Amino acid sequence: MMVQALQRYLHRYSFAGFGIAAILILLCAVLASCGSYVPSQGGQSQTTPTSIPVFTPSPTQAQQAQNCGKVDTLLNGQPVDSNQARLAGNCFWQAFQNCQAASLILKEHSLDTGADHTFTLKGTNGTCSIMDSVRHYIVPNNLNTTRSYTCSGLVMQADGLHFIACGSLGNIIMPMTSAPAS
Amino acid sequence: MVAPTPSSTTPNPPQKRLAYGGVSPKLRAPALRGQEVVSVPRSGGGNPGAFPSFVYNGGPVITCPWVYTSFWGPDWLSDPAHLQTAGLLSQFHKDLINSSFMNVLSQYGVGSGTGSGIFVQASFVSNVATSLTDAAIQGIIQAGINAGVYPEPAANSQTCLIIYLDETIGVNDPTQGLVLCEPTGDTAFGYHNFFLTTAGHSFQYAIIPALADACLTESCPGNDAGCSLHLYESQLDRRTQVASHEFAEMTTDPQLNAWYDPNNGECGDICNGETDYIVVGSNTWAVQPQYSKYDDETTNGAIYCLSQTPNAEPRLSPGPASRTAAAARMRQMASYDSLLPLPTLHFDARANAVTMDNQSVQDYVNKLFAPLSPTHLMTDFPGFLRRAADTLAAVKK
């Protein structure tokens, strides 16, 4: 229905053939490169593939980065605020699917260490990239190093956003839900 | 898409040599006491292991830990179960030093294996605020030093103060990343740190909160599977597990510039959450395995978390240089067995008053003179001690 409506609209302006082709190419590119969110049985969901989308031309070079907010985690890795985590995760996921500039902060805690990740999504020269600038620290903040890594992909799963192959850090999960009680 | 390599780094602190004074017992040998800072050329070779970035960064390590336990909060003295636990925790630290746990730390220059170190004394501290900042903790330690509860460290500090908080006390210092066993927002289960005393010496301490069920439930609500501690563990096991983590880190990286990996932290952090048990005599203790770079390299990453090894691990190179004098000093520590631990002290942090535990003093004297008693040797032992104290005070002036 939507395509027919678009066809009617574009036909009215006498460039229906070119317009539909362009829209379909763009839609195919988005679906093929970003993957689609496919809920599966048991509440699990996954996306494929995980590679960074490639767009021509780059749609977001001149756009201002969207701030998707901050996700703080507990000592068991679960989000302090699940609602906030869902909003932030979905915001970044949407931005990723559209290759729009965005940022997201993830704060992780362990027994006496922590890591603050700042994920940045950028579209540059027709290519989307995810950068993780991570500050590792040992409480009380005496050891403090910051490094940046490029992640090779992003996957939305039931437990949250999975940042894939972020350098030597490997995969990083940004939790979006609290696990059920054990 | 892009090679996963760090695009920017914060360099490790520059290596430097610190000169410590003193007199060496060995002819024409430099004075070697306690923390040693030695720059050693880095060398390649060998397998990288799973954590090649875990390296020696030039700072001091504690070669022969002098361990003090200190129990903060009213529950330790008001509740018999807590008092018993305090005794067990002090015994844990005695046993830890005398266990094969120390064999893992020897590779980093901390002692030379089992028996490297001494347990000196326990103390109880009352009238502490229920919510502490790290600065407040350092203030109480400094007050304790001034009052004679804790020793003023030597220039080459070996002191390791392990502070156990009771259930009434938490740490709430979010600007430092420290929220421990507070009603909300916990960020850690323990930590170690150091500060310079007013006399200018480095004082190392570790904080072990109560780690009661309520603390765990708050920190890991709903599911503790992702936590490094678990509700199915006893509170004592949680405490000793965290204490072993902090003890290993405070000896191998007392000033946060010795052994660590900038991405993965110190030797305890890499194996965080693992539990193992050590047996010392009739006692079994829960501990956390520590990162062993030696095993990581020799197995090329297959094995790297160990709580104990049969023999002392060989010292790594580059690392703090092996010191004959330090090893000799550790062997001499056995001669202190009859003198240690010293009697327990009580410190009122509000009144700045120090007292000694009656029973602890009596037990200490009995142990010191066994199988005799002081009255077999002198008629007025307390008078003798008073005169000795007066004499020492006069000499000090």
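The values are calculated or read from the model by the stated rules, or taken from the named source; none is laboratory data. As the structure is a computational prediction, the values presented were derived from the model and not from experiment. Cβ sites come from the backbone with ideal geometry, for glycine too, and all protein chains shown count toward neighbours. Surface areas here come from the heavy atoms of the whole protein model, side chains and all, with no ligands, DNA or RNA. Shrake-Rupley method; radii C 1.70, N 1.55, O 1.52, S 1.80 Å.
State yes or no: is A:Gly89 more than 8 Å from chain B (Cβ to nearest Cβ), in contact (Cβ under 8 Å) with a residue 12 or more places away in the chain and not in a strand (DSSP E or B)?
Numbers: more than 8 Å from chain B (Cβ to nearest Cβ): yes; in contact (Cβ under 8 Å) with a residue 12 or more places away in the chain: yes; not in a strand (DSSP E or B): yes.
Yes, satisfied.
Give me the strands (runs of 3 or more DSSP E) completely within the range B:137-185, filtered to those with at least 2 residues that are at pLDDT 95 or above and under 15 Å from B:Thr69 (Cα atoms), ordered by residue number.
The qualifying strands (runs of 3 or more DSSP E) are B:159-165.
Open to solvent by 10 Å² or more (accessible area, probe 1.4 Å), more than 23 Å from B:Pro320 (Cβ to Cβ) and out of contact with any Asp or Glu (no Cβ under 8 Å at 6 or more places or on another chain), is that true of B:Asn223? Before you say what the answer is, go through the steps one by one.
Details: open to solvent by 10 Å² or more (accessible area, probe 1.4 Å): yes; more than 23 Å from B:Pro320 (Cβ to Cβ): yes; out of contact with any Asp or Glu (no Cβ under 8 Å at 6 or more places or on another chain): yes.
It is true that B:Asn223 is open to solvent by 10 Å² or more (accessible area, probe 1.4 Å), more than 23 Å from B:Pro320 (Cβ to Cβ) and out of contact with any Asp or Glu (no Cβ under 8 Å at 6 or more places or on another chain).
So, in the range B:102-118, of the ones that are under 13 Å from the mean Cα position of the chain (by Cα) and hydrophobic (A, V, I, L, M, F, W, C), which residue ends up surrounded by the most Cβ atoms within 10 Å (Cβ to Cβ)?
The residue in question is B:Val110.
Kindly indicate whether A:Leu104 is within 7 Å of another protein chain (Cβ to nearest Cβ) and open to solvent by less than 10 Å² (accessible area, probe 1.4 Å).
On the way: within 7 Å of another protein chain (Cβ to nearest Cβ): no; open to solvent by less than 10 Å² (accessible area, probe 1.4 Å): yes.
So A:Leu104 fails the test.
Would you confirm whether any residue within the range B:100-120 is touching a residue at least 24 places away in the same chain (Cβ under 8 Å), in a helix (DSSP H, G or I) and among the aromatic types (Phe, Trp, Tyr)?
Pass one, the range B:100-120, residues touching a residue at least 24 places away in the same chain (Cβ under 8 Å): B:100-120.
Filter once more, keeping what is in a helix (DSSP H, G or I): B:101-108.
Subsequent filtering for residues that are among the aromatic types (Phe, Trp, Tyr) retains B:101, B:108.
Taking every residue of the range B:100-120 in turn, at least one turns out to be touching a residue at least 24 places away in the same chain (Cβ under 8 Å), in a helix (DSSP H, G or I) and among the aromatic types (Phe, Trp, Tyr).
Can you name the number of the only condition in (1) more than 10 Å from chain B (Cβ to nearest Cβ); (2) surrounded by 17 or more Cβ atoms within 10 Å (Cβ to Cβ); (3) among the hydroxyl-bearing types (Ser, Thr, Tyr) that A:Thr124 fails?
It fails just one condition, (2).
Please indicate, with yes or no, whether at least one residue in the range A:127-142 is touching a His at 6+ places or on another chain (Cβ under 7 Å), outside any strand (DSSP E or B) and within 11 Å of chain B (Cβ to nearest Cβ).
To start, the set of residues in the range A:127-142 that are touching a His at 6+ places or on another chain (Cβ under 7 Å) comprises A:132, A:134.
Still in the list and also outside any strand (DSSP E or B): none.
Scanning the range A:127-142 turns up no residue that is touching a His at 6+ places or on another chain (Cβ under 7 Å), outside any strand (DSSP E or B) and within 11 Å of chain B (Cβ to nearest Cβ).
For B:Leu231, are the conditions met, namely being over 30 Å from B:Ile62 (Cα atoms), more than 7 Å from chain A (Cβ to nearest Cβ) and open to solvent by 10 Å² or more (accessible area, probe 1.4 Å)? Give the derivation first.
Working: over 30 Å from B:Ile62 (Cα atoms): yes; more than 7 Å from chain A (Cβ to nearest Cβ): yes; open to solvent by 10 Å² or more (accessible area, probe 1.4 Å): yes.
Yes, satisfied.
Would you check which residues across the range B:331-355 are modelled with pLDDT under 95, hydrophobic (A, V, I, L, M, F, W, C) and either under 30 Å from B:Ile140 (Cα atoms) or more than 23 Å from the chain's Cα centre (by Cα) (or both) and list them?
B:Met333, B:Leu339, B:Leu340
Anything in the range A:84-100 that is open to solvent by 10 Å² or more (accessible area, probe 1.4 Å) and at pLDDT below 95? List them, or say none.
A:Gln97, A:Asn98, A:Gln100, listed by residue number.
So which residues in the range B:198-225 are within 11 Å of chain A (Cβ to nearest Cβ), out of contact with any Phe, Trp or Tyr (no Cβ under 7 Å at 6 or more places or on another chain) and either acidic (Asp, Glu) or in contact (Cβ under 8 Å) with a residue 60 or more places away in the chain (or both)?
Of everything in the range B:198-225, those that are within 11 Å of chain A (Cβ to nearest Cβ), out of contact with any Phe, Trp or Tyr (no Cβ under 7 Å at 6 or more places or on another chain) and either acidic (Asp, Glu) or in contact (Cβ under 8 Å) with a residue 60 or more places away in the chain (or both) turn out to be B:Glu218, B:Asp224.
Among the residues of the range B:178-197, which ones are within 11 Å of another protein chain (Cβ to nearest Cβ), of a type in the set (Ser, Thr, Tyr) and either surrounded by fewer than 22 Cβ atoms within 10 Å (Cβ to Cβ) or more than 19 Å from the chain's Cα centre (by Cα) (or both)?
Of everything in the range B:178-197, those that are within 11 Å of another protein chain (Cβ to nearest Cβ), of a type in the set (Ser, Thr, Tyr) and either surrounded by fewer than 22 Cβ atoms within 10 Å (Cβ to Cβ) or more than 19 Å from the chain's Cα centre (by Cα) (or both) turn out to be B:Thr184, B:Thr187.
Select from the range B:119-141 the residues that are of a type in the set (A, V, I, L, M) and open to solvent by 20 Å² or more (accessible area, probe 1.4 Å) and write down the one among them that is nearest to B:Asn193 (Cα to Cα).
Taking the range B:119-141 first, the residues of a type in the set (A, V, I, L, M) are B:120, B:122, B:125, B:128-129, B:132, B:135-137, B:140-141.
Of the ones still in play, those that are also open to solvent by 20 Å² or more (accessible area, probe 1.4 Å) are B:128-129, B:135-136, B:140.
Numbers: B:Val128: 19, B:Ala129: 19, B:Ala135: 11, B:Ala136: 13, B:Ile140: 14 Å.
Residue satisfying both the conditions and the ranking: B:Ala135.
If you take the residues in the range B:241-290 that are within 12 Å of chain A (Cβ to nearest Cβ) and of a type in the set (D, E, K, R), which one is farthest from B:Gly190 (Cα to Cα)?
My answer is B:Asp261.
Quick check on my filter: what residues within the range A:143-172 are of a type in the set (S, T, N, Q), buried (at least 17 other Cβ atoms within 10 Å of the Cβ) and outside any strand (DSSP E or B)?
A:Ser152
Could you grab me the full set of residues in the range B:57-81 that are open to solvent by 30 Å² or more (accessible area, probe 1.4 Å), under 22 Å from B:Asn283 (Cβ atoms) and in a helix (DSSP H, G or I)?
B:Pro80, B:Ala81
Consider A:Asn76 carefully, then state whether it is part of a loop (DSSP other than H, G, I, E, B), buried (at least 18 other Cβ atoms within 10 Å of the Cβ), within 14 Å of chain B (Cβ to nearest Cβ) and modelled with pLDDT under 95. Talk me through it step by step, then tell me what you get.
Values: part of a loop (DSSP other than H, G, I, E, B): yes; buried (at least 18 other Cβ atoms within 10 Å of the Cβ): yes; within 14 Å of chain B (Cβ to nearest Cβ): yes; modelled with pLDDT under 95: yes.
The answer is yes for A:Asn76.
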